[in-house]
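Here the structure comes first, spelled out in structure tokens, and everything after it is commentary.
The values are calculated or read from the model by the stated rules, or taken from the named source; none is laboratory data. Worth saying up front: this structure is predicted, and the values here are computed from it rather than measured. For neighbour counting, all protein chains shown are included, and Cβ atoms are generated from backbone atoms with ideal geometry for every residue, glycine included. SASA here: full protein model, heavy atoms, side chains in, ligands and nucleic acids out. Shrake-Rupley method; radii C 1.70, N 1.55, O 1.52, S 1.80 Å.
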Amino acid sequence: MAQSQNNINLSSLLLTCMNSSDPMLTMLRWLCDQMMEAEVSSRLSAGKNQHNPNRKGYRCGYRTRRLDTRMGTIYLLVPKVREGGYIPFFVTERKRSETALVQVVQEAFVQGISTRKIEKLAQKLGIENMSHGQASMMAKGLDRQVSEFRTRSLKEKRYPVLWTDALYEKVRVDGRVISMAVIVICGVNEEGKREILAVEPMMEESSDTYKTLFLSLQERGLQNPLLVVSDGHKGIIKAVKESFPGCAWQHCKVHLMRNIMVHVPHHAKKAFGDKLKEIWQASDQEEARKRGKEFCDIYEKRFPKAIEILENNLDESLSYYAYPMIDAKKIASTNMLERLNREIRRRTGVVGIFPNPSSYIRLVSTYLMEYEEDWSTGRCYIAQDSIQELLPA
């Protein structure tokens, strides 16, 4: 009797699929859903809505994930797990960035700029007999995804805190190799999760280029942030003031300390640096200013240039004290982006010189897309309660 019931269910399923516009794609979507549910249930030791005292975790809804297959594109409802995240076993993790890397190597060969380094990389990846058609086909799908990611609407969410930093790589442009910057802007949304909001190439860092970038974000729906964290580049400082009225700017304390330490001789760096760090370890802003003044009085005559830089930038490096509800380590510096940039350079470093700007943007963007997917299933970067307290009523 059970066998008969299974046959009836299978027949009903087949009829449903056959009546759809694409029967094979519909069947594939159903199969993926079943495999995900089975995998998550096995992992948690409990099925959906099933009570089990020995369960190993809990579900927390679903997230949409696009999956490109040979039959076509399907959108999966991937189960979310409270701790540890979940990626279906049939989805190849990091697939997009690996494809982008292969495409970069292909373009290098196609455009006649192969080197021993690129050849060794190609051999490791098992790439042979590369053609222009293969490179074009591989790039087409990636470019579409990258474009959608970089131009998506930002109207539905609020991003009260932004971090911005620049990556530099060697890129071939008009037959010559230049150092090109890619500006990465990350924001934390109302749920406390991080998102990559912009990945934009720039020939130079200036106030005009930053203003253009901020304008493009506003056109995509970005509301004025409450705080922007960056290094002390004059262009970005001016652009933040003009583009985001009422927004505070946090001078990354790590960048500031680096700029100061350049003007201190090697033999004095340790003692000077240890004392300098104490300024930003103060319990409140007033105490930090007090420590800063005392520090300047001690070292003003010995290291006048270093103290001049500190005095000119101290107030902006203490902006994070105005937001005591947020962990100071998260907004006092751009360390979060610095760590992300280091991981990106590990991937871009094997390429050496990029054959063109588009291949550079493609690789960086796909890598960041995968990081954002991980962030969406992980823990909040900033507690949601803290973000809600920060936002105006």
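Structural remarks
- Subset of region 40-64 that is of a type in the set (D, E, K, R) and surrounded by fewer than 16 Cβ atoms within 10 Å (Cβ to Cβ) - its residue that is farthest from R144 (Cα to Cα): R55
- Any chance R342 is under 16 Å from the mean Cα position of the chain (by Cα), under 28 Å from V184 (Cβ atoms), surrounded by 13 or more Cβ atoms within 10 Å (Cβ to Cβ) and of a type in the set (D, E, K, R): no
- Applying the criterion of being among the hydrophobic types (A, V, I, L, M, F, W, C) and in contact with a strand residue (DSSP E or B) (Cβ under 9 Å, 6 or more places away or on another chain) to the residues of region 347-373, the residue that is farthest from M180 (Cα to Cα) is M369.
- Contact map, region 141-170: residues that are on the phi < 0 side of the Ramachandran plot paired with residues that are polar (S, T, N, Q) and assigned to a helix (DSSP H, G or I), Cβ distance under 6 Å, separation 6+ or inter-chain. Pairs shown: V146/S365; L167/N341; E169/T348.
- One residue stands out in region 299-338 among those that are more than 30 Å from D385 (Cα to Cα) and of a type in the set (V, I, T): the one that is farthest from the chain's Cα centre (by Cα), namely I307.
- Close contacts from region 267-287, counting a first residue that is β-branched (V, I, T) and a second that is open to solvent by 70 Å² or more (accessible area, probe 1.4 Å) and part of a helix (DSSP H, G or I), with Cβ to Cβ under 7 Å and a gap of 6+ residues or different chains, come to I279/R291.
- Remark: pairs (first residue in region 222-248, in contact (Cβ under 8 Å) with a residue 60 or more places away in the chain and under 17 Å from L337 (Cβ atoms); second residue open to solvent by less than 10 Å² (accessible area, probe 1.4 Å) and small (G, A, S); Cβ separation under 6 Å; 6+ apart in sequence or on different chains) = I236/S230.
- Only one of S317, S358, S376, S365 that is in contact with a His (Cβ under 6 Å, 6 or more places away or on another chain) and in contact (Cβ under 8 Å) with a residue 60 or more places away in the chain: S317
Each row is one residue, and each column tells you yes or no for (1) among the acidic types (D, E); (2) buried (at least 17 other Cβ atoms within 10 Å of the Cβ).
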residue: V171; (1), (2): no, yes
residue: D174; (1), (2): yes, no
residue: I178; (1), (2): no, no
residue: C186; (1), (2): no, yes
residue: K193; (1), (2): no, yes
residue: I196; (1), (2): no, yes
residue: T209; (1), (2): no, yes
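- Hits in region 353-386 (condition: assigned to a helix (DSSP H, G or I), over 12 Å from the mean Cα position of the chain (by Cα), of a type outside the set (K, R) and more than 21 Å from C60 (Cα to Cα)): P357, S358, S359, Y360, I361, L363, S386
- Of residues in region 65-83 being of a type in the set (V, I, T) and surrounded by 12 or more Cβ atoms within 10 Å (Cβ to Cβ), the one farthest from L14 (Cα to Cα): V81
- Any chance E294 is open to solvent by 40 Å² or more (accessible area, probe 1.4 Å) and without any contact (Cβ under 8 Å) to a residue 40 or more places away in the chain: yes
For (1) under 15 Å from V81 (Cβ atoms); (2) among the hydrophobic types (A, V, I, L, M, F, W, C); (3) at pLDDT 80 or above; (4) assigned to a helix (DSSP H, G or I), each residue gets a yes or a no:
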| position | (1), (2), (3), (4) |
| --- | --- |
| S12 | no, no, no, yes |
| L15 | no, yes, no, yes |
| S21 | no, no, no, no |
| M24 | no, yes, yes, yes |
| Q34 | no, no, yes, yes |
| S42 | yes, no, yes, yes |
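- Residues of region 268-286 classified as closer than 23 Å to Q250 by Cα and open to solvent by 60 Å² or more (accessible area, probe 1.4 Å), total: 8
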